[in-house]
Amino acid sequence: MHIHTKLVQAGIRKDPSTGSLTTPIYQASTFQHPRLGESTGYDYSRTANPTRTALEEAIAVLEEGEVGLAFSSGMAAITSLLYLFKNGDHLVVSEDLYGGTYRVLSDIVSEHGITVTYVNTAHAEEIEGAVQPNTKALFIETPTNPLTHVTDLEKAIDIAKKYDLWTIVDNTFMSPYFQRPLALGADLVVHSASKYIGGHNDVIGGLVVARSKELGENVRFYQNAVGAILGPQDCWLLIRGLKTLGLRMERHQENALKIAQWLTECEQVETVYYPGLADHPGHDIMKRQATGFGGMISFTVKEEELVPFLLEHLKVITFAESLGGVESLITFPARQTHADIPEEIRNSIGVTNSLLRLSVGIEHVDDLIEDLKEVFHEFAKTAVNH
Ligand SMILES: *Cc1c(COP(=O)(O)O)cnc(C)c1O
């Protein structure tokens, strides 16, 4: 079945008692037992809720895994996964990492005796060089945020298998529409569903999919034990979001490519990071392991003063955190998503004070380009007056 069809089928025909096409929002904390020792499969909603089950089954199908699990946020999903590791374990992690994940690893997990080595996972030899006898897993983001480093998943997974490590991929930026790491041999996929899967900047959620039943049930144990589950209303919103994921991703990408090409020709712009550009170092790898390049662009401007000017004067594109929604958003990573990473480390990895990140929405691309063009033009005028 094609992915567009799988997406539309998400959560439908799950209510035989009424025939409701969509899965209802089961706003229930508890469920009546038919009789002693019997269950409908639902007892208490921390453990399982029918609306959540519909979402969990849908994401498992989409990511081509065995078990899907829904959490109250992407960070809750990632943190629940990290309970798989014990005191003394070591992880190898992509260095250009989502700031919140970095914070959990450096401020919380490290307190529990789990150590981490950050490497540029785009360089396979760096991954292998970081593996220690106590290494248990490889945690990869690809493309990374915000510098769009692309990891060759097949190579990385080969290394992981050689040393008997789990491969965990944060697939937030690609969504299952463009990239399915489990099909390439990864063990776990995690999403901030607050981004493309929700898609409308109106819900916070996280998802995990495990390739094997055993590993999935292991994570399910932590989901129930720790309890960072997603409520039924938000599960319903994510199912709703999935229906149009394919259409949205195509438009995000179409707009992003046009904007990235336009930015490369702007005088005020220094570097454009977008894997869809043919000269991006990860372009060919992405063509092999994904079916698209996504809707996220980063770029540096030549003059740092343009950053605050741009953030203040854009009219269609909103200055706000987050990404993946229908509305275009611009972010200043050094002060927002990556504020918890020390400046020295930030600069060394390229998250400088002149870097901006654009989550390209599904508006008409001409309006987005015009918005940027006008502000660049205004800035050039004020610069002359200085
Ligand atoms: C947003 C994000 C997260 C965290 O998800 P929340 O839903 O905000 O908790 C994790 N990874 C990536 C790549 C993200 O963009």
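Within the stretch 207-219, which residues are open to solvent by less than 10 Å² (accessible area, probe 1.4 Å) and either outside any strand (DSSP E or B) or at pLDDT below 95 (or both)? Across the stretch 207-219, the qualifying residues are Gly216, Val219.
Looking at Ile204, is it under 22 Å from Ile229 (Cβ atoms), open to solvent by 20 Å² or more (accessible area, probe 1.4 Å) and touching a residue at least 60 places away in the same chain (Cβ under 8 Å)? Can you show your working first?
Numbers: under 22 Å from Ile229 (Cβ atoms): yes; open to solvent by 20 Å² or more (accessible area, probe 1.4 Å): yes; touching a residue at least 60 places away in the same chain (Cβ under 8 Å): yes.
For Ile204, the condition - under 22 Å from Ile229 (Cβ atoms), open to solvent by 20 Å² or more (accessible area, probe 1.4 Å) and touching a residue at least 60 places away in the same chain (Cβ under 8 Å) - is met.
If you go through the stretch 343-356 and pick out every residue that is within 16 Å of the ligand (Cβ to nearest atom) and either open to solvent by 20 Å² or more (accessible area, probe 1.4 Å) or among the polar types (S, T, N, Q) (or both), you end up with 1.
For the stretch 109-136, which positions are farther than 22 Å from Pro333 by Cα and within 16 Å of the ligand (Cβ to nearest atom)? Selection gives Val109, Val116.
The set of residues in the stretch 238-252 that are out of contact with any helix residue (DSSP H, G or I) (no Cβ under 7 Å at 6 or more places or on another chain) and surrounded by 21 or more Cβ atoms within 10 Å (Cβ to Cβ) comprises Gly241, Arg248, His252. Scanning the stretch 141-199 for residues that are open to solvent by less than 10 Å² (accessible area, probe 1.4 Å), part of a helix (DSSP H, G or I) and closer than 23 Å to Leu215 by Cβ returns Leu153, Ala156, Ile157, Ala160, Ser175, Pro176, Pro181, Leu182.
Yes/no per residue for (1) in a strand (DSSP E or B); (2) open to solvent by 10 Å² or more (accessible area, probe 1.4 Å); (3) away from the ligand (no atom under 16 Å from the Cβ):
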| site | (1), (2), (3) |
| --- | --- |
| Gly292 | no, no, yes |
| Val307 | no, no, yes |
| Lys315 | no, yes, yes |
| Gly325 | no, no, no |
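Name the one entry in Gly74, Gly19 that is among the small types (Gly, Ala, Ser), in contact with a Lys or Arg (Cβ under 9 Å, 6 or more places away or on another chain) and on the phi > 0 side of the Ramachandran plot.
Gly19
Taken together, the residues in the stretch 85-114 that are part of a loop (DSSP other than H, G, I, E, B) and crowded, with 17+ Cβ neighbours inside 10 Å amount to 7.
Candidates Phe299, Phe319: the one that is in the same structural domain as Asn353 (by TED's automatic domain parsing), under 18 Å from Cys266 (Cβ atoms) and of a type in the set (Phe, Trp, Tyr) is Phe299. Considering the conditions (1) open to solvent by 30 Å² or more (accessible area, probe 1.4 Å); (2) away from the ligand (no atom under 16 Å from the Cβ), Asp340 is excluded by exactly one of them, (2).
The values are calculated or read from the model by the stated rules, or taken from the named source; none is laboratory data. Just so it is clear, the structure is predicted and the values come from calculations on it, not from any experiment. Heads up, the Cβs are rebuilt from the backbone with ideal geometry, glycines too, and the neighbour counts pull from every protein chain shown. Surface areas here come from the heavy atoms of the whole protein model, side chains and all, with no ligands, DNA or RNA. Shrake-Rupley method; radii C 1.70, N 1.55, O 1.52, S 1.80 Å.
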